[in-house]
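Here is the structure we will look at, set down as structure tokens.
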């Protein structure tokens, strides 16, 4: 459902820009560039959120496969032995699980994007070491989201 909402949002924003460009004689350039900037900011924010937070985990005996963009993106494989463990972070009503490798986050899943978040957490707890709970810091999260 979330992917379809995202596609609908992008489609509506594109229609708004199309309407604005058709009315270019009436609209000043500041408003047009403001709308384009707002569209690009929203697009970048949503793509960044989905790139960093909307991962799907596929667990097997010896490895974890991480697929980005709700499972339709690229896949990365991690051996269970090479991962340090996982952490959990809570921000208001959202909970995040981060897979940690060499002290850095390599994957993330969120209960906002997953229905089976608790099952994934339990399965990870059976196979990996729980490294504790992280405290939410808006500065640290902004740096994490903007990193490529």
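Restricting the search to the range 109-135, which residues are part of a loop (DSSP other than H, G, I, E, B) and either without any contact (Cβ under 8 Å) to a residue 12 or more places away in the chain or under 16 Å from the mean Cα position of the chain (by Cα) (or both)? Residues satisfying the conditions are 111, 112, 113, 114, 115, 116.
Of all the residues in the range 62-108, those that are more than 14 Å from the chain's Cα centre (by Cα), free of Cβ contacts under 8 Å to residues at least 24 places away in the same chain and assigned to a strand (DSSP E or B) number 7. Consider residue 35 carefully, then state whether it is in contact with a helix residue (DSSP H, G or I) (Cβ under 7 Å, 6 or more places away or on another chain) and assigned by TED's automatic domain parsing to the domain that holds residue 11. Judged against the criteria, residue 35 is a match. Of all residues in the range 81-106, those satisfying the criterion of being modelled with pLDDT of 85 or more and farther than 15 Å from residue 132 by Cα are 81, 82, 102, 106.
The values are calculated or read from the model by the stated rules, or taken from the named source; none is laboratory data. These numbers come from a predicted model, not from an experiment. Ideal geometry is used to build each Cβ from the backbone, glycine not excepted, and the neighbour counts take in all protein chains shown.
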